[in-house]
Amino acid sequence: MSVSIRERLAALRDAIPPLDPVEAQRLAEAGAWLIDIREADEIAQGTPVGAKPLGRGFLEMRLESEGAGAEDAILLLCASGARSLLAADQLRQLGYTDVRSVAGGFDGWKDAGLAFETPAMLEASDRARYARQLTLPEVGEVGQTKLRDARVLVIGAGGLGSPAALYLAAAGIGRLSIVDHDTVDRSNLHRQILHRDASVGQPKVRSAQATLTALNPAIEVVPIEARVSADNAAELVAGHDLVIDGSDNFTARYAINDACVAAGIPLVYGAVERFTGQVGVFPAGGQPCYRCLFAEAPPEGSAPTCAEAGVLGAVPGLIGTLQALEAIKLLVGMNDTLVGKLLSVDLRTQRWRTLTLPAHSNCAACGAR
């Protein structure tokens, strides 16, 4: 004989007694996970202060990506207490040992006079544009909102900066600042995909702004026509949440690294030479930083330029794309990133290696002294 949903909920209330909202708040303040599993349009009307609005879809995967353990206390909240009971039962079947449903859901929470807030949510147009990445448990509405509120600085609108900026703009980074002092040359076009033949002779940052705005009119693109140096690096990185280094000279790399270390801003590094490339992420404040990897610049003229050594456009295209990927992962709060690591690739032989970077206590930029 089939069991009605009413009977099923009654049985679950006996097996998993719902938690009073006041007690739920006390447990949440003591460290329990308070999870709002309602739909985005419901959460937009308000959610308990301190709750994580994860939604019901892919809840199990979202909990894992957030870092919730099988033995952690997890408190589920829906609108009135029915959906959270069903979700609690499913989580228990998956091995979560301490899962409870908040009695009365969000209605009960408000009736108890407990604090709630109206979170910043996405517009319907944003949900349509970013639908495929919103589906990812690692991103979701919360992660997409973080991308929308992020301020990212891209150093260079060239071979690395072009793919990095394009994918960051497409992903919905709210404010994207592009720094470059150069103009578009026809020899740039095979790899610097921000620019078009009609852009030859224009400042790269203006060409980049036009391309990125056409791709995603909802974001703000800030062109900064300047040559990066130790004199202006601190001013350039100020106010940003993350910096992507797509520069092509050591003066800029060391200046940006030192400014990011001083300002406590994470730096995503990339470099290419012929068929090889590197990607690394230096955490806020360093330890390690770029100077831990390369304490000093090589003698002038010892490292060939792109014009001297040559490069296939797809090589910086891949490295710049990987830089954008690492930036997005950092901004949405994913754990598995290249922080403190260096990915080295030889694209002629397709050999990929990931190395852990040591932090040097005597580093001139981020060392203990």
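Structural remarks
- Per-region count, segment 225-249, residues touching a Leu at 6+ places or on another chain (Cβ under 8 Å) and within 26 Å of Gln144 (Cβ to Cβ): 8
- Filter result for Glu39 (under 23 Å from Ala120 (Cβ atoms), acidic (Asp, Glu), out of contact with any Asp or Glu (no Cβ under 7 Å at 6 or more places or on another chain) and assigned by TED's automatic domain parsing to the domain that holds Gly105): yes
- Figure legend. Inter-residue proximity from segment 221-239: first residues more than 23 Å from Thr211 (Cβ to Cβ), second residues β-branched (Val, Ile, Thr), beta-carbon distance below 6 Å, spacing 6+ or different chains. Indicated pairs: Ala233/Ile256; Val237/Val243; Val237/Ile265.
Conditions tested, residue by residue: (1) closer than 17 Å to Ser162 by Cβ; (2) among the hydrophobic types (A, V, I, L, M, F, W, C); (3) part of a loop (DSSP other than H, G, I, E, B); (4) in the same structural domain as Ser162 (by TED's automatic domain parsing).
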{"position": "Leu212", "(1), (2), (3), (4)": "yes, yes, no, yes"}
{"position": "Val222", "(1), (2), (3), (4)": "yes, yes, no, yes"}
{"position": "Asp231", "(1), (2), (3), (4)": "no, no, yes, yes"}
{"position": "Leu236", "(1), (2), (3), (4)": "no, yes, no, yes"}
{"position": "Ala271", "(1), (2), (3), (4)": "yes, yes, no, yes"}
{"position": "Val279", "(1), (2), (3), (4)": "yes, yes, no, yes"}
{"position": "Ala284", "(1), (2), (3), (4)": "no, yes, yes, yes"}
{"position": "Gln287", "(1), (2), (3), (4)": "no, no, yes, yes"}
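- In segment 204-220, the residues that are in contact (Cβ under 8 Å) with a residue 60 or more places away in the chain and either buried (at least 17 other Cβ atoms within 10 Å of the Cβ) or hydroxyl-bearing (Ser, Thr, Tyr) (or both): Asn216
- Only one of the numbered conditions (1) crowded, with 17+ Cβ neighbours inside 10 Å; (2) within 29 Å of the chain's Cα centre (by Cα) is violated by Asp41, and that is (1).
Residue-by-condition table, conditions (1) assigned to a helix (DSSP H, G or I); (2) under 17 Å from Val142 (Cβ atoms); (3) of a type in the set (A, V, I, L, M):
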site: Arg6; (1), (2), (3): yes, no, no
site: Leu9; (1), (2), (3): yes, no, yes
site: Pro17; (1), (2), (3): no, no, no
site: Glu23; (1), (2), (3): yes, no, no
site: Gly31; (1), (2), (3): no, no, no
site: Arg62; (1), (2), (3): yes, yes, no
site: Arg83; (1), (2), (3): yes, no, no
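- Every residue from segment 248-297 that is among the hydrophobic types (A, V, I, L, M, F, W, C), more than 14 Å from Ala233 (Cα to Cα) and surrounded by 18 or more Cβ atoms within 10 Å (Cβ to Cβ): Val268, Ala271, Val272, Val279, Val281, Phe282, Cys289, Cys292, Leu293
- Segment 311-369, residues that are assigned to a loop (DSSP other than H, G, I, E, B) and either closer than 30 Å to Arg62 by Cα or under 12 Å from the mean Cα position of the chain (by Cα) (or both): Gly333, Met334, Asn335, Asp336, Thr337, Leu338, Gly340, Leu357
- Taking the criterion of being in contact with a Ser or Thr (Cβ under 7 Å, 6 or more places away or on another chain) and outside any strand (DSSP E or B), the residues of segment 165-210 that qualify are Tyr167, Val184, Gln192, Ile193, Leu194, His195, Ser199, Gly201, Gln202, Lys204, Ser207.
- All conditions in (1) touching a residue at least 12 places away in the same chain (Cβ under 8 Å); (2) closer than 28 Å to Asn362 by Cβ hold for Pro316, with the sole exception of (2).
The values are calculated or read from the model by the stated rules, or taken from the named source; none is laboratory data. Please read all numbers here as calculations on a predicted model, not as lab measurements. Note that each Cβ is placed from the backbone with ideal geometry, even for glycine, and that neighbours are counted across all protein chains shown.
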